[in-house]
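A short reminder: the numbers here are calculations on the coordinates, not readings from a lab. This structure is a prediction, so every number in the text was calculated from the model and none was measured. Positions of Cβ are generated from backbone atoms using ideal geometry, with glycine treated the same way; all protein chains shown enter the neighbour counts.
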Amino acid sequence: MVDERVLQREILAVGRALAAAMPAPARHPLKALDDKAMDLASSDRELKAALFRFIDVVPACRSLDDLARHLTGFLGELNTPPPPVSAAMRMGNTRAGRTALGKAAAFGVRHMAHRFIVGEDPRDALPVLRELWKGGVASSVDLLGEATVTQREAEHYAGRCSDALEAIVAASRAWPSRPQLERDAAGPLPRANLSVKVSALTPLLRADAPERGKRDAAERLRGLLRQARELDAHLHIDMESLDSRDAVLELVLELLAEEEFRPGPSAGMVLQAYLRDSPETLDAVVDWARGAGAARERPLTVRLVKGAYWDHEIVEAAQHGWTAPVFEVKADCDRNYEALTRRLFDARHEGTGVRVAIASHNLRSVSHAIAYNRLSGGADLDIELQVLRGLGDPLQVAIAAQGLHVRTYCPVGDLVAGMAYLVRRLLENTSNDSFLHEQARGVPVDELLEPPGGTPEAPAPAPA
Ligand SMILES: Cc1cc2nc3c(=O)[nH]c(=O)nc-3n(C[C@H](O)[C@H](O)[C@H](O)COP(=O)(O)OP(=O)(O)OC[C@H]3O[C@@H](n4cnc5c(N)ncnc54)[C@H](O)[C@@H]3O)c2cc1C
């Protein structure tokens, strides 16, 4: 049993040390420009909606003129455009102006996308993965391309995953030794790590007929699991919106319990703390790990996230007149994240076959996990901290500098495939409820480290 006051004191110590180890805000002019655009979008809901609609049509635009017409069209709907937008609108009045504006818009979108996406294909990404590894940072590659609609697309996605596994494993053999990334108390950790989406492995994943989608995805997922086992790579199955949650969870747990996957590969799934019923999902996962999963030689990695589809779940529930399946108050979601963190560590300390991966850019959520793990008897290297490329870069640097285990999620793909991903990241970055937004506003570190929704009791005095 961890004393809450001692825990809060440890959270402050961990959080302050991480904050101090973060690099100063980048001085790069292009990064400053991105941040300016993000600030502008955060402060104006109408502008944010117009920019998202624009970003959505970019891949379909055939010329710079076309691009500029769409941009000025969307921005023209604003009732009170901010000054930079009015200037852009004036450029749209002439053909030369439209070409220049189109060029600037295309450059801006591409630049922003490259902040989050590491390359067009896995081979482009290899130098980035190697640099990360050399700096003490592991990676997980994600091949963009969601919601497949034909069998051919699903085959193609499975083929790309297979090629990516080969390429990353081959390249990673030449990476230098980094002991803190290659082993924890539960055993060795593969260098190569790929994240996959079940909705891209089958066109048949439907909430109203989950068995069909599961059956169709199962063969392709089995193939990837076999290959990961043979190459000793880790395969992680991402979680998407709630309509596919049960099918994905059942599929992963059923396949991993099959006899042929007892020896491996190392594999993992995702738990979304924004879902009100996530505690029950965690019960099911822990029961599985104690039962069918106990025979496996490699523990199941549980990546704990808050969830990337919050706006989608809220809108979907409102359209159907349902109660939202996600928490609607941010502090409730954050409190649940902490409760699930504790239960995961408790399960791990009791010898249940799970590894814990804390995927968050929220300094409080991350510091809470590190502090709780320490105070409940875990070693620092038994916790993996995960961040997204482009959003969690400063935290990634700080975690690695403390000698802790950090993994960066690196999406790979072209701009068209990356659109859904890019829009989700921009929504996250510009949301007023987001931790990153609070941090960027300059909220003091100790305030950022307060318990979700309120000030704690005064922390216990430090031992003399
Ligand atoms: C390595 C990695 C892998 C990931 N994989 C997945 C994945 O497979 N599936 C997936 O869904 N997500 C995934 N995510 C995305 C993750 O869910 C988001 O990055 C995360 O939600 C942002 O949370 P945070 O703790 O960084 O930031 P915070 O700012 O603390 O939290 C933001 C989150 O809080 C929630 N939220 C926002 N507003 C409210 C509100 N009013 N009420 C209640 N809750 C609210 C939303 O989930 C929002 O994304 C992954 C993230 C990382 C780092």
Q) By counting other Cβ atoms within 10 Å of each Cβ, how are MET91, MET112, MET1 ranked from fewest to most? A) MET1, MET91, MET112
Q) Where does each of THR281, THR202, THR301 land when they are ranked from fewest to most other beta-carbon atoms within 10 angstrom? A) THR281, THR301, THR202
Q. Separation between the VAL2 and THR80 pseudo-spin-labels, each 7 Å from Cα along Cα→Cβ, expressed in nm?
A. 4.6 nm
(Q) What does the C-alpha gyration tensor say about the overall shape of the stretch 257-379? Classify as rounded when a/c is under 1.5, otherwise prolate if a/b is larger than b/c, or oblate. (A) oblate
(Q) Could you sort the peptides 392-401, 207-216 by per-residue average Cβ neighbour count (10 Å cutoff), highest mean leading? (A) 392-401, 207-216
Q. If you add up the charges near LEU448, with Lys and Arg at +1 and Asp and Glu at -1, over every other residue whose beta carbon is less than 13 angstrom from its beta carbon, what do you get?
A. -2
Q | Where the Cα pairs of the stretch 303-451 fall when distances are cut into 5 Å bins, in % | A | 2, 8, 16, 20, 20, 16, 11, 6, 2, 0
Q: Report the one residue of MET112, GLN272, LEU427 whose Cα lies farthest in the direction of the positive end of the charge dipole of the chain (charges on C-beta: Lys and Arg +1, Asp and Glu -1; origin at the Cα centre).
A: MET112
Q) Just for the chain, what percent of DSSP beta bridges are antiparallel, to the closest 5? A) 10 percent
Q) When the label point is put 7 Å from the Cα of ALA331 along its Cα-to-beta-carbon vector, which residues of the stretch 418-442 have a backbone N closer than 16 Å? A) 433-435
(Q) Using a Debye calculation, one point per C-alpha and no hydration shell, please list log10 I(q)/I(0) for the chain at q = 0.06, 0.07, 0.12 Å⁻¹ in order. (A) -0.27, -0.37, -1.11
Q | Packing-based ranking, highest mean first, of 9-21, 379-391 given that Cβ atoms within 10 Å are counted | A | 379-391, 9-21
Q | Listed residue pairs exceeding 31 Å between alpha carbons, taken from LYS214/LYS306; LYS48/LYS330; LYS134/LYS306; LYS48/LYS214; LYS134/LYS197 | A | LYS48/LYS214
(Q) Could you derive backbone 3J(HN,Hα) for the stretch 359-376 from the dihedral phi with the Karplus parameters 6.51, -1.76 and 1.60 (θ = phi - 60°), listing whole Hz in sequence and x where the residue is Gly or Pro? (A) 9, 7, 9, 8, 4, 5, 4, 5, 5, 4, 5, 4, 5, 5, 4, 4, 6, 9
Q | Computed [θ] at 222 nm, helices only, for the chain once each DSSP H run of length n ≥ 4 contributes -39500 (n - 2.57) | A | -17500 deg cm²/dmol
Q.
Only counting other Cβ atoms within 10 Å, I'd like PHE345, PHE435, PHE52 sorted with the fewest neighbours first.
A. PHE52, PHE435, PHE345
Q | Dipole in debye (nearest 20) - the stretch 68-186, about Cα centre, beta carbon charges: Lys, Arg +1; Asp, Glu -1 | A | 700 debye
